[in-house]
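*Asks:* My questions all concern the structure below.
Quick note: the coordinates plus some simple rules give every number you see, no bench work behind them. What you see is a predicted model, and the numbers here were worked out from it, not measured in a lab. Using ideal geometry, Cβ is built from the backbone for each residue, glycine included, and neighbour counts are taken over all protein chains shown.
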């Protein structure tokens, strides 16, 4: 990932996502889609870490520029490095079974920056926020549709 200029920039909401790859089946399809989100100004990548767990349970951190299948991530504009720490790696590794891998993505929702600044400027504070899993929303929308 190429370095961007993050100094003195206001920052919008920041999120992380841990994506598991059972059997280490990673095809790289994520990188171009992530790149589109960056190019459109929707998100700004702050860090990406790949974690693999060998069949014996040994955990390895793989940098995006250390593996051929991760090469496309190097083409994405971002300020990578340092946000994901050893606790984050351990957290991701605890979620995957031996012989599997995961990606930890940390990004800023740049699309939400104006709203975040308005909340701050109005003296508001975020009390809680979370992503609702796709499966829960899908089920709820299906139930609403069948009830109406």
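Okay, residues lined up against (1) farther than 30 Å from residue 78 by Cα; (2) without any contact (Cβ under 8 Å) to a residue 60 or more places away in the chain; (3) within 22 Å of the chain's Cα centre (by Cα):
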residue	(1), (2), (3)
108	no, no, yes
113	no, no, yes
124	no, yes, no
128	no, yes, yes
131	no, no, yes
136	yes, yes, yes
139	yes, yes, no
143	yes, yes, no
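*Asks:* What are the residues in segment 91-123 that are surrounded by fewer than 16 Cβ atoms within 10 Å (Cβ to Cβ) and more than 13 Å from residue 13 (Cβ to Cβ), if any?
*Replies:* 94, 95, 97, 98, 99, 121, 122, 123
*Asks:* Name the residue that is surrounded by the most Cβ atoms within 10 Å (Cβ to Cβ), counting only residues in segment 15-42 that are part of a loop (DSSP other than H, G, I, E, B) and under 15 Å from the mean Cα position of the chain (by Cα).
*Replies:* Ranking the candidates gives 42 first.
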